[in-house]
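The values are calculated or read from the model by the stated rules, or taken from the named source; none is laboratory data. Keep in mind it's a predicted model, so treat the numbers as computed, not measured. Ideal geometry is used to build each Cβ from the backbone, glycine not excepted, and the neighbour counts take in all protein chains shown. Calculation scope for accessible area: heavy atoms of the full protein, side chains included, ligands and nucleic acids excluded. Shrake-Rupley method; radii C 1.70, N 1.55, O 1.52, S 1.80 Å.
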Amino acid sequence: MRTARLATALTAALALALTATGCGPGSGSAAGPGSGSGTGPGARAGSSTAAAPDRVEPLAAPAPKPRLPVTVASADGRRVTVTSTERIVPLSGSLSELVFTLGLGRQVVARDVTATFEQAAGLPVVTRAHDVSAESVLSLRPTLVIAEATTGPAEAVAQIRDAGVPLVVVEPAKGLPDVSRRIDAVAAALGVPAAGTALKQRTESRIEAVREGVPRRPERPRVAFLYVRGSAAVYLLGGAGSGASSLLEAAGAVDAGKESGLEKDFTPVTSEALAKSAPDAILVMSKGLESVGGVDGLVRIPGVAETPAGLDRRVVTVDDGVLLNYGPRTDRVLASLVDQLYGADK
């Protein structure tokens with residue numbers, strides 16, 4: 001998964017022979033033959049559309065001018081003074097998305113492997129798998145580093161700080177309520193609070209517009225979030241802490257893993273766990289679906305074919321680099337979920 005929270009969950013799954021993978025843009029929706037024929041909960045659109053370009057949408061020009069110096073509260077309890085934003089290194093795809101959307105993309109000099117959008121594609125990568133390389137970061141002479149609370153290893157973060165680089169830590173996103181908080185935190189660190197307010201208003205209004213169009217059904221579709229990586233034989237079922245619950249519930253669906261009593265972030269997929277969750281549809285990341293050979297491969301995972309979702313081949317996909325970012329493009333993620341879940345029945 002492309003967020004730091006999922007990286008942590010996957011580290012805990014090392015017993016399952018998990019190896020970290022790269023990420024990249026994928027299709028916005030996918031399903032097997034006949035998947036568009038359903039008309040009940042969990043049915044998706046009968047026809048697919050071309051995937052939108054994997055680009056962020058910066059605020060209208062001109063780019064904001066940071067008002068510095070500024071001292072901000074870091075999520076690790078420190079007070080950090082930022083004196084320059086000339087050379088910024090955001091250490092997650094979500095943070096990169098925020099910096100670029102706020103209008104300071106030209107000052108970003110590196111990216112994390114999870115920053116998959118087009119505007120960041122040419123930047124040097126300063127992470128190995130999901131671990132930060134302090135040497136790579138420092139070689140770029142950053143004037144500001146922005147990290148997630150789960151960015152690691154801790155030694156690398158400490159090395160960057162010990163070199164005298166201002167490093168601001170931001171609490172990770174867990175759901176839709178965190179979108180505005182993270183925009184404010186990053187905008188404050190960059191010295192552009194007014195741009196943060198503008199982006200927050202734009203993002204909130206777009207998310208609300210999508211939510212208003214969600215069909216109101218007496219029977220809500222049950223959706224199981226699966227994290228799959230075929231190359232590493234990793235198959236995990238999302239629970240209450242996976243990060244997907246907030247999106248699924250906003251889309252009028254039930255998080256089947258959470259509702260079935262799974263309290264952890266992720267649990268190894270078993271026939272029993274899938275049978276208990278009984279999903280009408282399965283949510284997977286686009287690269288994950290590709291890694292198992294598409295829908296045909298997904299339904300061969302033990303237990304999947306026996307679920308209502310597997311029987312009807314109802315699969316919902318969202319790009320790896322945006323699904324759980326909870327940022328300026330979350331309205332697009334939510335709209336995609338709604339379109340794929342309800343399709344022509346909206």
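Couple of notes before you dig in:
- Spin-label pair E135-R78: with each label point 7 Å from Cα along the Cα-Cβ axis, the two points sit 2.2 nm from one another.
- Distance (nanometres) between label positions extended 7 Å along Cα→Cβ at K174 and A278: 2.9 nm
- The 3J(HN,Hα) values that the Karplus relation (6.51, -1.76, 1.60; θ = phi - 60°) gives for the stretch 269-277 are, in residue order, 5, 9, 4, 5, 5, 5, 5, 5, 6 Hz. Gly and Pro appear as x.
- Seen from S96, the other residues with C-beta closer than 9 Å to its C-beta sum to a net charge of -1, counting Lys and Arg as +1 and Asp and Glu as -1.
- Multiplying the residue separation of E155 and T270 by 0.36 nm and removing their Cα-Cα distance gives an extension gain of 37.8 nm.
- Loop-located trypsin sites (Lys or Arg not before Pro) in the stretch 199-270 whose Cβ has at most 11 other Cβ within 10 Å (DSSP): R216
- For the stretch 217-258, with all protein chains in place and a probe radius of 1.4 Å, 51% of the accessible heavy-atom surface sits on carbon or sulfur.
- Residues whose placed amide H lies under 5 Å from that of V315, excluding near-sequence neighbours: G32, I282
- The GluC sites (Glu not before Pro) of the stretch 158-233 meeting both criteria, a DSSP state outside H, G, I, E and B (loop) and at most 12 other C-beta atoms within 10 angstrom of the site's C-beta, are E219.
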